[in-house]
Amino acid sequence: MSEPLYTLKCGKAGCFYPEYERKADLKDQTHYCPGCGHGITHKLMAEAIDELGIQDRVILVSPVGCSVFLYYYFDVGNVQVAHGRASAVATALKRARPEAIVISYQGDGDLAAIGSAEILHSANRGENITVLFVNNGIYGMTGGQMAPTTPVGAKTTTTPRGRNVWNDGYPLHISEVLSSLEGPSFIERVALGNPKQILQAKKAIRKALEAQIKGLGFSLVEVLSPCPTIWKMDPVEAQRYVREEMTRIYPLGAKRDRLAEAAPRPLPEAPPPLEEIPRLLKIDTRPSPPSARHLEGLEDRIKIAGFGGQGVLLLGQLIAEAGMDDGLEVSWLPSYGPEMRSGTSNCHVRLASKPVDSPLVTRPNILLAMNEPSLRKFLPDVADGGLVLYNGQHVPEDCHRPGVRVLAMPFAEMADSIGSAKAGNIVMLGALMALHPVLPDEKIDGALKRLVKTERWLELDRAAFACGKNAALELESCHA
Amino acid sequence: MAKQLVKGNEALMKGAILAGCRAFYGYPITPANEIAEAAAAYLPPVGGVFLQAESEVAAINMVFGAASAGVRAMTASSGPGISLMGEGISYLAGAELPCVIADITRGGPGLGNIAPEQSDYFQVVKGGGHGSYRTLVLAPASAQEMCDLTFDAFELAAHYRNPVIVMADGFIGQMMEPVEFPREAKLPPPPEWAVLGDARTRPNLITSIYLEPDALEAHIRKLDAKYQRMQRESVRCENYMTEDAELVFVGYGIVSRVLKSAVNRLRNEGIRAGLVRPVTLFPFPTEQIRAAARTAQTFFVVEMSTGQMVEDVRLALAGMRPVEFYGRCGGNSPSAEEIVEKAMEVMAHV
């Protein structure tokens, strides 16, 4: 390891490491080119951190680009992230540790191109983070490709004939774009074109950090910064370019300053004690009820189908809930997605005395068809010896199957006569429990109580259940 | 404790919170939405963060941020969203950050459809992102396991400092079954390496960049040693009637449930069938599958895809036994009846 050429003893900010141990070599100097604006921006940021006394609290997010190695230099908590995602990562760091001061340091390729969605939404949410946005109008680390911020006409490795607006669009004014949002509390564009501009940059960075310390929300400082190497200029010429050319394209000044009137973001409330968590998750912490009874050999495979809105899924859920309460093994599997909003809907219910193997019902022994298309679609699948209940006046001529009992009753009409056609599903449940009495009435009633939201509907559903049960029993006695 | 009839997706999120998850960042997608909705309902009251991100890309990077700060964090999505998260998952693995990612799979490629498929196996198990990394993958087959395996996923993620993916098909996510939740909630303190924004953790650094080839190689070797340790320590597998099986099915997730039904029916027909169900897809139960070959003459892999896991079964058996395959896709699922029929055909030729 070589001896440092020179070690700065005075005036170096305290939140810089004394030596850059994380660098492979040249541990006394940065990896930046002579005249690069990152060095100055680092210094301004470091001084602001020192002055505000926040070194221990800072979490610095390094981007992808020339400043990927921020963590070589800053003696703070460091997180290095993917290209463009720094403000998303910073969002979650801050949400996780509201007391931390989270700084997202990003270049113009990182922030204004690949990370444009993340910065827009972080700003719009008013995340209480500080973003240092270093704009040099070019991709530096990858060797000088066009950035969204590259001036019109500028030659880069990917605009060899100069940036052409018809092909490449216009320089992106990030500070102005973000200032159109409600979320940000402070946005200022500064430049590193001369000492006066640099002093103003320092003030802006400090102000942005103070905004975060006070909890006032999203703050961003855009720093117009020289890149002499890629611009193929000497450092003095590059600084002149910043001062005279870049500031014409990107006017300096505060674009948003609501620090006087912004209210601090509320801090999260203290979490509840751990013992409270199960209750807050609505977990039933009562001991298991003793199994009520055992229906040996019960293996019901129930398919319920109809139009969306006929209560197909709820009917299935009621059977599964009541079955579970009765100590049976159960499963409920819905068709899901757009089908739920229109068209057909169906669900599979298993009720069994032994653990359910497959929750998919492909050969039902019970089919509950709320409409004719469902009857026609699923009748061929019903197992021999099965039972089919169909919501209609009579079974269509061609829907009889030897070995399968198909029974038609106008369930929706019956429900309508006692208050609402919507309770047709519960009338059907009543009929099913008359013809295939595997669940006790009180378990059905318990399931209704849990799943039906209002007292009025609960009463209606109870009446509907009784109505269906009685009608089916009557039908049975006529047959007998 | 009393059982509750709960959707798989909801059971997953409750299991996560009981395991100490206090941050969820996600983006809407069917059939995973109930997970985010449960997170939105239950995380803020327990002192956690729920945020709907602007994209899956942002969501996984927010998980990166929360994990960096030592919070047990997760996201949930389905195939198209997991594709977008590939970059972030690679970074999480590279930076050795623990997190849990739920993939409730649907039909692909492209927009495909929202019906269940198992076609994310390659993407999730082999790694959809760049670089030499692995994620531990758990494949629940019931609502109860959505809770239990997600609970375990947080422990495994913390233990290995690695992302863990809970991969379930849309059926497992959407169906309701009785679930008995763990009695007690956990909330472990942040790990030593986390960056908390305080004096103690100021020296900590989270990164996945190693500029020097020797340094990166050493890092990759260290990661690889960890993946090999997973292979030795964390394989999980369920065997069903394999002791004397001449025909051994291999299937995971919802397919394993249908296969149990098929095994029962084939046993009634006098065919000694059994099932090996991988619970971890990485690490893969290679040894358990080889062990089943002691009695099995034929292996029969069933998937809801055109055949992805079947490659791992063939690798495990290394030509020792014939491996048949039957797959349905597009949102169709194989029925026990059609599997029995296919198996009878296969056995007729043995």
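The values are calculated or read from the model by the stated rules, or taken from the named source; none is laboratory data. In this text, all values refer to a predicted model and were calculated from it rather than measured experimentally. Glycine also receives a Cβ, built like all others from the backbone with ideal geometry; neighbour counts cover every protein chain displayed. Side chains included, ligands, DNA and RNA excluded: accessible areas come from the protein's heavy atoms. Shrake-Rupley method; radii C 1.70, N 1.55, O 1.52, S 1.80 Å.
Worth a mention:
- Filtered residue count, segment A:289-328, keeping only those that are among the polar types (S, T, N, Q) and either at pLDDT 90 or above or assigned to a helix (DSSP H, G or I) (or both): 2
- Looking only at residues of segment B:157-189 that are closer than 27 Å to B:GLY129 by Cβ and at the interface with another protein chain (Cβ under 8 Å from one of its Cβ atoms), we find that the one that is least open to solvent (accessible area, probe 1.4 Å) is B:GLY170.
- Residues satisfying the stated conditions in segment A:41-74, i.e. surrounded by fewer than 23 Cβ atoms within 10 Å (Cβ to Cβ), at the interface with chain B (Cβ under 10 Å from one of its Cβ atoms) and of a type in the set (A, V, I, L, M): A:ILE54, A:VAL64, A:VAL68
- Residue satisfying condition, being touching a helix residue (DSSP H, G or I) at 6+ places or on another chain (Cβ under 7 Å) and either open to solvent by 10 Å² or more (accessible area, probe 1.4 Å) or not assigned by TED's automatic domain parsing to the domain that holds A:TYR250 (or both), within set A:PRO151, A:PRO184, A:PRO195, A:PRO160: A:PRO151
- So A:ALA447, is it at pLDDT 95 or above, of a type in the set (A, V, I, L, M) and closer than 25 Å to A:GLY297 by Cβ: yes
- Among residues of segment A:402-425, those that are outside any helix (DSSP H, G or I) and in contact (Cβ under 8 Å) with a residue 12 or more places away in the chain, counted: 10
- Top-ranked residue in segment B:60-82 [being part of a strand (DSSP E or B) and among the hydrophobic types (A, V, I, L, M, F, W, C); ranked as farthest from the other protein chains (Cβ to nearest Cβ)]: B:ALA76
- Scoring B:ARG267 on the criteria (1) open to solvent by 50 Å² or more (accessible area, probe 1.4 Å); (2) outside any helix (DSSP H, G or I); (3) within 13 Å of chain A (Cβ to nearest Cβ) leaves a single failure, condition (2).
- Positions within segment B:15-25 being open to solvent by 10 Å² or more (accessible area, probe 1.4 Å) and in contact with a Phe, Trp or Tyr (Cβ under 8 Å, 6 or more places away or on another chain), in sequence order: none
- Residue within segment A:375-395 that is in a helix (DSSP H, G or I), crowded, with 21+ Cβ neighbours inside 10 Å and touching a Phe, Trp or Tyr at 6+ places or on another chain (Cβ under 8 Å) present: yes
- Verdict on A:GLU47 being in the same structural domain as A:ALA238 (by TED's automatic domain parsing) and either more than 24 Å from the chain's Cα centre (by Cα) or not in a loop (DSSP other than H, G, I, E, B) (or both): yes
- Number of the exception - A:LEU132 against (1) touching a residue at least 60 places away in the same chain (Cβ under 8 Å); (2) of a type outside the set (D, E, K, R); (3) within 14 Å of another protein chain (Cβ to nearest Cβ); (4) touching an Asp or Glu at 6+ places or on another chain (Cβ under 9 Å): (3)
- Taking the listed residues B:GLU192, B:GLU243, B:GLU212, the one that is open to solvent by 10 Å² or more (accessible area, probe 1.4 Å) and not assigned by TED's automatic domain parsing to the domain that holds B:SER83 is B:GLU243, with no other qualifying.
Table: residues versus (1) assigned to a loop (DSSP other than H, G, I, E, B); (2) buried (at least 24 other Cβ atoms within 10 Å of the Cβ); (3) among the polar types (S, T, N, Q).
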{"position": "B:LEU84", "(1), (2), (3)": "no, no, no"}
{"position": "B:VAL100", "(1), (2), (3)": "no, yes, no"}
{"position": "B:GLU117", "(1), (2), (3)": "yes, yes, no"}
{"position": "B:PHE122", "(1), (2), (3)": "no, no, no"}
{"position": "B:TYR133", "(1), (2), (3)": "yes, no, no"}
{"position": "B:VAL137", "(1), (2), (3)": "no, yes, no"}
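- Members of segment B:301-346 found to be part of a helix (DSSP H, G or I), open to solvent by 30 Å² or more (accessible area, probe 1.4 Å) and over 29 Å from A:TYR336 (Cα atoms), listed by number: B:GLU311, B:ARG314, B:LEU315, B:MET344, B:GLU345
- Unique match (being open to solvent by 30 Å² or more (accessible area, probe 1.4 Å), hydrophobic (A, V, I, L, M, F, W, C) and either more than 9 Å from chain A (Cβ to nearest Cβ) or touching a residue at least 40 places away in the same chain (Cβ under 8 Å) (or both)) among B:ALA40, B:ALA32: B:ALA40
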